[in-house]
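Every read-out reported here was derived from the displayed coordinates using simple, explicitly stated rules and does not represent laboratory data. Only a predicted model underlies this, so the values are computations on that prediction, with no experimental measurement involved. With ideal geometry, Cβ positions are generated from the backbone for all residues, glycine too; neighbour counts draw on all protein chains shown.
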Amino acid sequence: MIHITPSPPLFTRRWQWGVVLALFILGLGIRLSDLTDPPLDFHPTRQLRSAIIARGMYYRDLPSAPAWQRERAAEQLAGHALIEPPLFEKIVALTYRLIGKEVIWVARIYASLFWLMGGLALYLLARDMASPDGAILALAFYLFLPFGIFSSRSFQPDPPMVMMILWALWAIYHWDRAPGWKAAVLAGLLAGLALFVKAVALFPVLAAFGALVLCSKGFKVAVRDRQVWLIGGLAILPMIAYHFYGVYGLGTLESQFEGRFFPQMWLDPAFYVRWFGSMTNLLGFGTILAALLGVLLFATARQRAFTLGLWAGYVIFGLTFPYHIITHTYYQLPLVPIVALSLASLGALAFGRLATLAPPILPRLVVFAVLSLGVFAKVWDVHLDLAQEDYRHEPAYWQELADTLGREAIVVGLTHDYGNRLAYYGWITPKVWLPIHHNEYRELRGGSPLDVQKWFAEKTGDADYFLVTLLNQLNKEPDLKEILYQNYAIYAEGEGYIIFDLRQASAK
């Protein structure tokens, strides 16, 4: 087996920590760029869901708020079915209370800090598995991958989940190196918290833990090891307790398991093409191949098994959620730290070879210059993208639209983010008319073809208005378009929207 051999570090200890500190400062800086822009730059549906939940937690107990706002906030909070524990949303709601008002961009600060704290765990883990130099390469990739920058600013549970995955992996690896009850408890608690934040963390965490244990102890010894059972128990018990509460206590979580597992997609070659295409588009084709090679370059069988377990966990994760892995880019987030850690062995090998060159200052300057150039290029590109995409006009647009509709109006909407923009900025919760692309998802779930007439009657039975802001989508649904234009008058029309009056028949 090819593996790296110990070599002197390219950077001295002082240089190493100086570079790491600079990476963290720059990593935080780019994430706080364009800080106050509304959270519509990355999966706005998911971010606005968390924003609505946090606002509901804040407003429902806010005596100074008008009664209608407290009631509407509580209604919208109750209207979002339970998925994962709303820990992030609770932190943001408490922050609103501390500062005395709702400031949505504080969630962006928290998400960025979560990601950076995960980066510290990654650096410590990669340093111990490869070398301090290799850990710098892993950290630079983790902090400055453009997809990682955009996603790690988002108000959703994935940034804290990635943070906890990395700290759990760090604790598990160190328990394996120096077994003991304290180390086992720490590993189990951190793994349990990762799975509690978002249950899909179980795929990389438990797969890496299982691969490491089997490699270091063997199956027979592992099943008799009480520390192994302690770590496994602490890891899964919080998640099991939460899901038991959600399914049998609240009775709302069971619906979240439906429509996610589609094994029939495994037989479709197009699924794998789209999956690999999503991976390479977000992380880079060459980077993926280099990371896979990096798995083989770790020095010990345990390290290779540990990293290979992470990759296996990701593959199992994708096969378990095949539709979402190719349609929701944030489902690729667990792959970012896996690739970063895998690159650490390549960094150790390359930098270790450069460290043998003389004079030592020359390769240090070259590597520092190349690393700086790569990082600043990525930071500048992301900065330009953030500056060009300005969403600050959106809140006023949706507030004005809500004023046109009326606060108490019952609205059906073919509208942005499944109605979440209108709900959050306009305080009106519409009944959602699903866009045409949802037919693929409907078919995967075994649903019958949509009867537009019947569906329209069910949706609009007690409604006042039909709002369309996705005008291109309306053109793709001729049956719906015909029903609206042939039977109902236009109540209001403006830039980017049409409102049909369901209370008034068309004069045509």
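Simple rule: put +1 on each Lys or Arg Cβ and -1 on each Asp or Glu Cβ in the chain, find the dipole, and look at Leu422, Met279, Phe351; the Cα lying farthest toward the positive end is Phe351. A DSSP coil position with no more than 16 other Cβ atoms inside 10 Å describes none of the trypsin sites (Lys or Arg not before Pro) in the range 352-391. Mean projected area of the convex hull spanned by the Cα atoms of the range 50-168, taken over all viewing directions: 8.2 nm².
Remark: the range 194-206, residue by residue, has Karplus-estimated 3J(HN,Hα) of 4, 5, 6, 4, 7, 4, 5, 4, 4, 5, x, 5, 6 Hz, where x stands for each Gly or Pro and the curve is 6.51 cos²θ - 1.76 cosθ + 1.60 at θ = phi - 60°.
Ranking Asp176, Asp128, Asp268, Asp133 by Cβ neighbours within 10 Å, fewest first, what do you get?
Asp268, Asp128, Asp176, Asp133
Computed from label points 7 Å out along Cα-Cβ, the spacing between Arg503 and Ala409 is 1.0 nm. The calculated Kirkwood hydrodynamic radius for the range 1-119 is 17.2 Å, given to one decimal from all distinct C-alpha pairs. The alpha carbons of the chain stretch over 86, 52, 51 Å along the principal axes, in descending order. Once the GluC sites (Glu not before Pro) in DSSP loops with at most 16 neighbouring Cβ atoms within 10 Å are cut out of the chain, the longest remaining piece is 1-257. Sorting Tyr245, Tyr465 from the fewest to the most surrounding beta carbons within 10 angstrom yields Tyr245, Tyr465.
If you filter the range 81-163 for chymotrypsin sites (Phe, Trp or Tyr not before Pro), then keep DSSP loop positions with at most 16 other Cβ within 10 Å, what is left?
When the chymotrypsin sites (Phe, Trp or Tyr not before Pro) of the range 81-163 are filtered for loop state and at most 16 Cβ neighbours within 10 Å, Trp105 remain.
Take every DSSP beta bridge whose two residues both sit in the range 394-505; close to 60 percent of them are antiparallel.
Per-residue ellipticity at 222 nm computed for the chain from its helices equals -21000 deg cm²/dmol, with DSSP H segments shorter than 4 residues left out and the rest contributing -39,500 (n - 2.57).
Pairwise Cα separations in the range 328-404 fall into 5 Å bins from 0 onward with the following percentages, short to long: 3, 11, 10, 12, 15, 12, 10, 7, 6, 5, 3, 3, 2, 1, 0.
Under the criterion of Cα pairs below 8 Å and six or more residues apart, the relative contact order for the chain equals 17 percent. Here Phe285 and Ala74 are evaluated by their C-beta separation; at R0 = 56 Å the FRET efficiency comes out at 0.70. Calculated on the alpha-carbon coordinates, the convex hull of the range 394-505 measures out at 100 cubic angstrom per residue. Counting other Cβ atoms within 10 Å as a rough exposure proxy, the listed residues Val412, Val247 run Val247, Val412 from fewest neighbours to most.
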